[in-house]
Amino acid sequence: MEFLAGSLLELVTQTSTNLPPDVRSAMSLAANVETPGTQSSQALDIILSNIDMAADDTGAICQDTGMPTFIVHTPVGVNQIRIRKAILEVIAEATRRGKLRPNSVDSITGKNSGNNLGTETPVMHFEQWEENEIEVKLILKGGGCENMNAQYSVPCTLDHLGRADRNLEGVRKCILHAVWKAQGHGCAPGAVGVCIGSDRAHGYELAKMQLFRTLDDVNPDAALAKMETEIMTEANKLGVGAMGFGGKASLIGCKIMAANRLPASFFVSVAYDCWAFRRLGVRLDAVSGAITKWLYRDPSDAVQNMAESAEFPLTGHEVALRAPLTEEQVRSLKVGDVVLISGECFTGRDAVHHHLMSHEPPADLRGAVLYHCGPVMLKEGSEWKVKAAGPTTSIREEPYEATVLERYGVRAVIGKGGMGPKTLAAMKQFGAVYLNAIGGAAQFYARTVKKVLGVDWMELGIPEAMWHLEVENFAAIVTMDAHGNSLHAKVEQETGAVLAGMREA
Ligand code: SF4
């Protein structure tokens, strides 16, 4: 097995940095159907550029490199313990090289292990099979989309759709509801893997396994194939759009399976994956561990660029702002404005927000731009370098943000997916705005960071620490302003009305 570690390291690196062809095709189609000049179309332009940048530089497509989940099939007689050990070594090495963000956190102490290893991480499933080669498949699914997974126990009553019964019509309603509910929080346009039936735990697992199907395959079950097509059509009429900005591209894939269930239970489990749909696989020689074949991609096909331009498509109407910001500046902004932020901004996500409830900030946050981001950072010599730095899902900070705005005078919050009514009210009262950056565009935004000025609260772990970043022309869209307007609330309401029209198939 002399080549095993190298093969697995290449699998992890390619999965994190190079989207498979079926996902690229689906994203091209999504970009083509979107109306040019809309916010959703601008978001897709940035996403396509980001996909190119990641592949060109072998950098992480998204800073959230997710929970690595391996599915391994081995011929009878192959030593699975050895493969397990090799996977652990390779995950630590890929983390050290910045291909994976340190993502494994002790659930009791909150301590990040720093190398992506810990109890039950990474996730590994082993099975024997009757073939002669080893097969290893890997999916990297981030927290933002993982949080959008949903499980329904039917019969149940759904917002806008009414009762979902124990039949395919009820299943259809559950899937549409899950897509609608995700809005932009899971970095739409996304894809769903669905399991009808099974029990709660296995149903979720089987739903996730559907994400190992290619997006362009056809379900061998005629009834499920029909449902997959219909869901794609209906979901893309909802109007969620890229990042939940409102638009035509909401779903790039729907893959459904059915498993037997207990008579008393009827679960519909939905695994939601984002546009950064990172999944690849390899076949390995069972003696040497060398790669004999790639799954989902043909390495002899040159990777084609997806974006027409690597630049943010400027219209000339963008508002250039330099941090720190004044109350007057932020009150002059309104929903829909595109801003280009320069100057110092501070990262802060879950642990920073929690910490700020009982600790003074380590820096003066008056007028500050607070970026919901857990970057991938590498120390090169004595300097920290940003390797990936897209926004994280902001709604998790809803319990804290109003207090942060009031107490510390933050003027702009950058994140993705928007925030709730409490934050919106605080923005109006204290003078602040929410700026939606493009979720997953980790390479695109990393390039706007000109310098790492410092870091505080490093004991919270690299993704959770407060990084002081000097940015230049960081592009984002005002989606919540200081006048009580929220694009997120508007899109949710409008798409809810469309969903209600889908009550009957
Ligand atoms: S693209 Fe969005 S949802 Fe997907 S992993 Fe990245 S931040 Fe999370």
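If the condition is being in a loop (DSSP other than H, G, I, E, B) and either free of Cβ contacts under 8 Å to residues at least 12 places away in the same chain or under 30 Å from residue 180 (Cα atoms) (or both), then region 375-410 contributes 375, 381, 382, 389, 390, 391, 392.
Residue by residue, here is whether (1) over 30 Å from residue 3 (Cα atoms); (2) basic (Lys, Arg) holds:
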{"residue": "123", "(1), (2)": "no, no"}
{"residue": "137", "(1), (2)": "no, yes"}
{"residue": "149", "(1), (2)": "yes, no"}
{"residue": "154", "(1), (2)": "yes, no"}
{"residue": "159", "(1), (2)": "yes, no"}
{"residue": "197", "(1), (2)": "yes, no"}
{"residue": "204", "(1), (2)": "yes, no"}
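Scanning region 51-65 for residues that are in contact (Cβ under 8 Å) with a residue 12 or more places away in the chain and either more than 18 Å from residue 280 (Cβ to Cβ) or surrounded by fewer than 24 Cβ atoms within 10 Å (Cβ to Cβ) (or both) turns up 52, 53, 55, 57, 58, 59, 63. Among the residues making up region 230-278, those that are in a helix (DSSP H, G or I), more than 14 Å from the ligand (Cβ to nearest atom) and in contact (Cβ under 8 Å) with a residue 40 or more places away in the chain are 230, 231, 234, 235. Out of region 412-424, which residues are open to solvent by 10 Å² or more (accessible area, probe 1.4 Å), within 20 Å of residue 334 (Cβ to Cβ) and part of a helix (DSSP H, G or I)? Answer for region 412-424, where residues must be open to solvent by 10 Å² or more (accessible area, probe 1.4 Å), within 20 Å of residue 334 (Cβ to Cβ) and part of a helix (DSSP H, G or I): 421, 424.
Of the residues making up region 54-101, those that are farther than 15 Å from residue 118 by Cα, among the acidic types (Asp, Glu) and in a helix (DSSP H, G or I) are 56, 57. Within region 102-135, the set of residues being more than 30 Å from residue 76 (Cβ to Cβ) and in a strand (DSSP E or B) comprises 105, 112, 118. Selection over region 320-343 of residues that are open to solvent by 70 Å² or more (accessible area, probe 1.4 Å) and either in contact with an Asp or Glu (Cβ under 6 Å, 6 or more places away or on another chain) or closer than 9 Å to residue 474 by Cβ (or both) gives a count of 1.
Of the listed requirements (1) in contact (Cβ under 8 Å) with a residue 40 or more places away in the chain; (2) part of a loop (DSSP other than H, G, I, E, B); (3) not aliphatic (A, V, I, L, M), residue 317 misses just one: (1). Quick check, is residue 76 in contact with a strand residue (DSSP E or B) (Cβ under 8 Å, 6 or more places away or on another chain), farther than 18 Å from residue 275 by Cβ, of a type outside the set (D, E, K, R) and open to solvent by 20 Å² or more (accessible area, probe 1.4 Å)? Yes, satisfied. For the condition over 25 Å from the mean Cα position of the chain (by Cα) and open to solvent by 40 Å² or more (accessible area, probe 1.4 Å), what is the one hit in 409, 484, 501? It is 501. The residue pairs whose first member lies in region 288-305 and is open to solvent by 40 Å² or more (accessible area, probe 1.4 Å) and in a loop (DSSP other than H, G, I, E, B), whose second member is polar (S, T, N, Q) and at pLDDT 95 or above, and whose beta carbons are closer than 8 Å, counting only pairs six or more residues apart or on different chains, are 296/214; 297/14; 297/18; 303/18. Residue 334 passes every criterion in (1) within 18 Å of residue 480 (Cβ to Cβ); (2) assigned to a strand (DSSP E or B) apart from (2). Condition check for residue 13 on (1) buried (at least 24 other Cβ atoms within 10 Å of the Cβ); (2) of a type in the set (S, T, N, Q); (3) not in a loop (DSSP other than H, G, I, E, B): one failure, at (1).
Of the residues making up region 208-235, just one is polar (S, T, N, Q) and surrounded by 21 or more Cβ atoms within 10 Å (Cβ to Cβ), namely 210. State whether one or more residues within region 410-418 are touching a His at 6+ places or on another chain (Cβ under 7 Å) and of a type in the set (D, E, K, R). For region 410-418, residues touching a His at 6+ places or on another chain (Cβ under 7 Å) and of a type in the set (D, E, K, R): absent. Whether any residue in region 110-125 is more than 25 Å from the chain's Cα centre (by Cα), modelled with pLDDT of 95 or more and away from the ligand (no atom under 16 Å from the Cβ) is what I want to check. No, region 110-125 contains no residue that is more than 25 Å from the chain's Cα centre (by Cα), modelled with pLDDT of 95 or more and away from the ligand (no atom under 16 Å from the Cβ).
Per the conditions (1) acidic (Asp, Glu); (2) in contact with a Leu (Cβ under 6 Å, 6 or more places away or on another chain); (3) within 16 Å of the ligand (Cβ to nearest atom), the sole criterion not satisfied by residue 45 is (2). Here residue 280 meets each of (1) crowded, with 20+ Cβ neighbours inside 10 Å; (2) more than 30 Å from residue 5 (Cα to Cα) with one exception, condition (2).
The values are calculated or read from the model by the stated rules, or taken from the named source; none is laboratory data. Treat the numbers as computed from the prediction; the structure is a model and nothing was measured. Cβ sites come from the backbone with ideal geometry, for glycine too, and all protein chains shown count toward neighbours. What goes into the accessible areas is simple: the full protein's heavy atoms, side chains included, and nothing from ligands, DNA or RNA. Shrake-Rupley method; radii C 1.70, N 1.55, O 1.52, S 1.80 Å.
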